[in-house]
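The block underneath contains the structure these notes are about, expressed in structure tokens.
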Amino acid sequence: MEQSVQTPMGTAPVGKLMRSMGLPIILSMMIQALYNIVDSAFVSNMTGGEAALNALTLAFPVQMLMVAVSIGTGVGVNVLVAKNLGQGDSEKAAQAAGNGLFLGLVLTLVFLVFGLTGVRPYAASQTANPEILALTITYLRICCVASFGIILFGIFEKLLQATGLAKFSTIAQIAGAVTNLVLDPIMIYGLLGCPALGITGAALATVLGQVVSFALALLFHLTANKLVKSGLAYVRPRGRIIRGIYRIGLPAILAQALMSLMTYGINRILVGVSEAMVTAYGLYYKLQQFVLFAAFGLRDAITPIVSFAHGMGSRSRITQGMKYGIGCTLTIMAVGMAVLLLFARPLWGLFGLSGATQALCVSAARVISLSFLFAGFNVALQGIFQAMDRGGSSLVLSVCRQILFVLPVAWGLARLVSPDLSNAWVVWLTFPIAEGLTAAIAGGLLVRLYQTAIRPMQPRAGNPADSPKKP
């Protein structure tokens, strides 16, 4: 085996490494959340804005699924690359990166086919309103057919993060977001000589921003990611490596995909109560993602740090990564909760909503945000479990917090809502209940991980990270 690769991933203080990697990834994830908020803000102020917002809400689960498969595949590649580099095996790291690109191309083809054949039946399963149906099909078809930008960016973003180059993925993400922000009003409203394209313009601006992010991430990987070798030979699919990627990444994909399933299920439940509740939930969920995606960004910093330490066999760096990761995630979620509780009403005043829909958004913010501390703990542990090759534990948390403790509870609480929606807030209690119950399970799984895998760990010979300290 090659000599251990000396990088800050294995030598820098964990707290400093968490900050240097975490801040760019958090910024990158929050910018990713900005895509949907920007579309919603501009679309809400066009003619028929609430119908268009409803269409974006119905399309959102598929967009989340695209993110799920790209990010989940990227997580598997990220962990394999970081772990192999930690073990000093740069050849296996390069093969993992190349097979990640191959999988990204396959996923792009899958969503292209869905965009051409599956969008209409998907949209029709959620609404019978012909205006909303037509808007949903128009927007979602464009996003699926041109999905290569978001999917391949997800792969290369994780490759950059795996070697500590998160700042480059952030630059690429910012460039795409700025592209989307500039093009949205031009293409939606018809500025600077462009025809007014409405919701079609929103979709085109989104995919063009994603293409810009992908192109820059690819460029940065080829020019700056010196630890990972590139070449067509590494792209050749290898069953062993693909199985390894999805052994780690499949729980992450399912975790993200469950978010899509949860949103789809909640939409189906709420549409039976009121279309205004669907619009309110969809808009709240997108704004909430600024907070959740910040936690996801920190989770994505925790994962390669703990995974690299796992590859080194460094118990001290694993436990430090866990401590800093959980503490920082809880801090982010506490700040997000305070902001939403204090500023719920002015935030939703930015959108062109009716008074009733705005009131539903405000009640959602004030009730659902109470779940944020539990959610932060759960998200941090999902990253830790993935890094320690405990993808099954990560998946258990995802199933609990997004399906098992959500859809049945939401269905039951929706039955209690009165026709005038005066007590609609009871439905939002679903989320504090689900996150709280999941946090109790997560704590038990963390104790078992520490007792069975971390505490018995013996320092590896020659490993400076676990060497006895001089007095």
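None of the figures in this text is laboratory data; all of them are computed from the coordinates on show. Keep in mind it's a predicted model, so treat the numbers as computed, not measured. Note: ideal-geometry Cβ built from the backbone for every residue, glycine included; neighbour counts use all protein chains shown.
Would you kindly derive the ³J(HN,Hα) couplings of region 384-397 from the backbone phi angles with the Karplus curve 6.51 cos²θ - 1.76 cosθ + 1.60 (θ = phi - 60°), listing them in order in whole Hz, with x for Gly and Pro?
Listing the rounded values in order: 5, 5, 4, 5, 9, 6, 10, x, x, 5, 4, 5, 4, 5 Hz.
Could you grab the relative contact order for region 105-145? Cα pairs under 8 Å, six or more apart, rounded to a whole percent. Before the final figure, lay out the partial values.
Values: 24 pairs, mean separation 23.9, N = 41.
Once divided by the residue count of region 105-145, the mean separation gives 58 percent.
Quick check: the distance between the Cα centres of region 306-322 and region 409-446, to the nearest angstrom?
Here the two parts' Cα centres lie 36 Å apart.
Using θ = phi - 60° and the Karplus curve 6.51 cos²θ - 1.76 cosθ + 1.60, what whole-Hz ³J(HN,Hα) does each residue of region 128-140 get, with Gly and Pro shown as x?
10, 6, x, 5, 5, 4, 5, 5, 4, 4, 4, 5, 6
Given a cut-off of under 8 Å on Cα pairs at least six residues apart, what relative contact order in percent is computed for region 342-431? Please list the in-between numbers first.
Details: 52 pairs, mean separation 24.7, N = 90.
Once normalised by length, the contact order is 27 percent.
Can you give me the orientation-averaged projected area of the convex hull built on the Cα atoms of region 95-144, in nm²?
Working: hull surface 15.1 nm².
Approximately 3.8 nm², given one-decimal rounding.
Compute from the Cα atoms of region 1-159 the Rg and the Dmax, the latter being the longest Cα-Cα distance, and quote both in angstrom.
Just the Cα atoms of region 1-159 yield Rg and Dmax of 19.7, 64 Å.
Along the charge dipole of the chain, Cβ charges K/R +1 and D/E -1, which of L258, T200, I368 sits furthest on the positive end?
It is L258.
For each pair in K226/K323; K16/K92; K167/K226; K167/K286, compute the distance between the two Cα atoms and list the pairs where it is over 19 Å. Please report the intermediate quantities before stating the final value.
Details: K226/K323 30 Å; K16/K92 28 Å; K167/K226 15 Å; K167/K286 24 Å.
In this structure, K226/K323; K16/K92; K167/K286 exceed 19 Å between Cα atoms.
If you put +1 on each Lys and Arg Cβ and -1 on each Asp and Glu Cβ, how big is the dipole of the chain around its Cα centre, in Debye rounded to 20? Kindly include the intermediate steps, with their values, before the conclusion.
Numbers: 31 positive and 14 negative charges, 343 e Å.
That gives a dipole near 1640 debye.
Based on DSSP H runs of at least 4 residues, each adding -39500 (n - 2.57), what is the mean residue ellipticity at 222 nm of the chain after dividing by all its residues, to the nearest 500 deg cm²/dmol? Let's see the in-between values first.
Numbers: 19 runs with 368 residues, N = 471.
It comes out at -27000 deg cm²/dmol, rounded to the nearest 500.
What's the magnitude of the charge dipole for region 293-431 around its Cα centre, counting Lys and Arg as +1 and Asp and Glu as -1 at the beta-carbon? Answer in Debye, nearest 20. Could you put the intermediate results ahead of the total?
Values: 9 positive and 3 negative charges, 56 e Å.
Roughly 260 debye for region 293-431.
Would you tally the net charge around I384, using a Cβ to Cβ cut-off of less than 13 Å, leaving I384 out, and scoring K and R as +1, D and E as -1? Provide the component values of the computation, followed by the final result.
Values: positive: R299, R317, K323, R390, R448; negative: D300, D389.
Local net charge: +3.
Can you check what the net charge comes to around R247, using other residues whose Cβ is under 13 Å from the Cβ of R247 (Lys, Arg +1; Asp, Glu -1)? Before the final figure, lay out each step's value.
Working: positive: K83, R240, R243, R390; negative: D389.
Result for the local shell: +3.
At 7 Å along the Cα-to-beta-carbon direction for both R120 and R455, put a label point, then send me their distance in nm to one decimal.
6.1
Tell me the relative contact order for the chain as a rounded percent, counting alpha carbon contacts under 8 Å between residues six or more apart. Mind dumping the intermediate values first?
Working: 790 pairs, mean separation 105.5, N = 471.
In percent, rounded to a whole number, it is 22.
For the residue pair Y189 and R247, what label-to-label distance in nm results when each label sits 7 Å from Cα along the Cα-to-beta-carbon direction?
The answer from the label model is 5.4 nm.
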